[in-house]
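In what follows, a single structure is set out as structure tokens and then discussed.
The values are calculated or read from the model by the stated rules, or taken from the named source; none is laboratory data. This one's a predicted model, so the numbers in the text were calculated from it and none came from an experiment. Positions of Cβ are generated from backbone atoms using ideal geometry, with glycine treated the same way; all protein chains shown enter the neighbour counts. Just the protein is used for accessible areas: all its heavy atoms, side chains included, with ligands, DNA and RNA removed. Shrake-Rupley method; radii C 1.70, N 1.55, O 1.52, S 1.80 Å.
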Amino acid sequence: MQTVFSDLTSRIRTSPEAAITGEVTGVLGLSLTVRGLERAVGIGGRCTVMGARGPVLGEVVGIDGRGTHLLPFGSWEGVVVGDTVAHSPRGDMVRPDGNWIGRVVNALGEPLDGRGPLSEGEAPRPVKGAPPAAFARRRVGPRMDTGIKALDVFVPLCRGQRMGVFAGSGVGKSTLMAMLARGAQADVIVVGLVGERGREVQDFIQEDLGPEGMARSVLVVSTGDEPPLMRRQAAWTATAVAEHFRDQGLQVLLLVDSVTRFAMAQREIGLAAGEPPTAKGYPPTVFAELPQLLERSGPGAEGQGDVTGLYTVLVDGDDMNEPVADAVRGVLDGHVVLDRAIAEQGRFPAVNLQKSISRMLPDCHSPAEYAVLQAARRSLARHADMEELIRIGAYKTGSDAQVDAAIRFAEPADAYLTQRKGESVLADESFAEIYRMLGEAGIDVAIPKPPAPLRRAPG
């Protein structure tokens, strides 16, 4: 009898037509407490508060003896004790569609670009879905050419790979993302702008992306003035949109700027819900949510496409080992480090080639390409080791033949790797030019010979 009753209760709670209500008993800061929904709504559920200034959507972040605690997707202004709160059973779903390409939406999947309503797909998709099962996925695919010389040669990106872009403020993360959106060999680009400055959204669309980039992109935008739930939701919604196109068999490039602002939003949510602060004020849920978000991108199952993910990390005080950066680096398949010192020298993208790494190497390069990469890396590393002595004149030419060759290679290589925002170069051309510069500097490239064909023994 109890089993039948529990089953009936579950059906009522999950029914789209269910109208379960409670009432506001208190508001303190961002947190609103409701009585009457404790047995109807779980953590992550959506509710609508009927305030004097109109309905306000909220999310359940905690339940205790005092009642159900909500945080707003908007503002609690005008809400008073006794206001009605209604449960929204299907409030955490989006319905992406092919007509979303070229559009700008907010974290809830609502249009922002003034071009009318969005068409909706047939099947709703949860914004916070579970990552695919490990054994259901294919392996990472071949290299995805990006058109960016420093990446294609030194830090290659493969289909289904997840890469982090680590940098301080003002070093060129957003510009690098725009270059990827323009030049990467992908069918659809999904861009999640999490906590972005409001004045920069139009600049990113019109100047950085341009018409050719926007024509194959979906932008999910949450500006920095929006509540933490909206900023966190933007990353989830962008990922759900990318998963939709992956399931259609398309190659999707997901760009999220930035994971740090996602973590900061989760920190605000956790602290408002009463979690204890741990590393640098971040509560434990931040480090539980990060892998849940990052693991959703990657290779799809058989018959599906891939979600190739790039996530920017805004490092605090240029500290590459701060808690969020350290946690993200341990989950992703490689990292691109943008260096302020390189940017100040005028080389953009300001990629630090010694500190950046792709975990897909060496398999994503051909043997000849990998040989060029190794020779170039060794030469640049040797030059970096001696750079201080060279600058102050303590090193004399002729003291070391390898250092002399590294000096001859470093200057033209540095100039070649400088790239304008609208410039795109084929990967084969980049390798050929680096190989030519190595030869002119007198640096040998040990390109392996193809194996000789096997011969049958006589008889």
TODO: Have a look at the DSSP beta bridges in the chain and tell me what percent are antiparallel, nearest 5.
DONE: 55 percent
Open item on the list: I'd like the trypsin sites (Lys or Arg not before Pro) in region 76-129 restricted to DSSP loop residues with at most 15 other Cβ atoms within 10 Å, sorted by number.
Closed with: Arg90, Arg115
- [ ] Show me 246-258, 215-227, 43-55 ranked by packing, highest mean number of other Cβ atoms within 10 Å first.
- [x] 246-258, 215-227, 43-55
TODO: Only helical DSSP H runs with n ≥ 4 go in: add -39500 (n - 2.57) per run for the chain, normalise by residue count and round the 222 nm mean residue ellipticity to 500 deg cm²/dmol.
DONE: -10500 deg cm²/dmol
Open item on the list: Restricting the calculation to Cα positions, tell me the Rg (one decimal) and the Dmax (whole number) of the chain in Å.
Closed with: 25.8, 96
Open item on the list: Please report the carbon-and-sulfur percent of the accessible area for the chain; probe 1.4 Å, protein heavy atoms only, DNA, RNA and ligands left out.
Closed with: 52 percent
Task: Cβ-based net charge around Ala134, under 13 Å, with every Lys or Arg adding one and every Asp or Glu removing one - done: +3
Open item on the list: Between Met93 and Thr397, how high is the FRET efficiency from 1/(1 + (r/R0)^6) when r is the Cβ-Cβ distance and R₀ = 56 Å? Nearest 0.05.
Closed with: 0.25
Task: Cα gyration tensor category, rounded, prolate or oblate, for region 268-375 with a/c compared to 1.5 - done: oblate
Open item on the list: Using the Cα centre of the chain as origin and beta-carbon charges of +1 (Lys, Arg) and -1 (Asp, Glu), tell me which of Pro126, Asn106, Ser169 is placed farthest towards the positive end of the dipole.
Closed with: Pro126
- [ ] Using R₀ = 30 Å, calculate the FRET efficiency as 1/(1 + (r/R₀)^6) where r is the Cβ-Cβ separation of Leu361 and Asn321; round to 0.05.
- [x] 0.85
- [ ] Evaluate the distance, in nm, between pseudo-label points positioned 7 Å from the Cα of Ala130 and of Glu110 along their respective Cα→Cβ axes.
- [x] 3.1 nm
- [ ] Scan around Met360 for amide H atoms under 5 Å from its own, H built in the peptide plane at 1.01 Å from N, and keep only partners 5 or more places away or cross-chain.
- [x] none
TODO: Run the numbers on the chain and let me know its relative contact order in percent, using alpha-carbon pairs under 8 Å that are six or more apart.
DONE: 16 percent
- [ ] With r as the distance between the Cβ atoms of Asp428 and Glu387 and R0 = 22 Å, compute the FRET efficiency 1/(1 + (r/R0)^6) and round to 0.05.
- [x] 0.15
Open item on the list: Explain nothing, just the number: relative contact order of region 19-87, from Cα pairs under 8 Å at least 6 residues apart, as a whole percent.
Closed with: 41 percent
Open item on the list: Between region 104-121 and region 29-45, how far is it from one alpha carbon centroid to the other, in angstrom?
Closed with: 28 Å
Open item on the list: Just to confirm a number: summing +1 for Lys and Arg and -1 for Asp and Glu over residues other than Thr223 whose beta-carbon lies under 10 angstrom from that of Thr223, what do you get?
Closed with: -1
Open item on the list: Please report the antiparallel percentage of DSSP beta bridges with both residues in region 181-339, rounded to the nearest 5.
Closed with: 10 percent
Task: Sequence-distant residues sharing a close amide H with Gln185 (under 5 Å, placed H) - done: Asp145
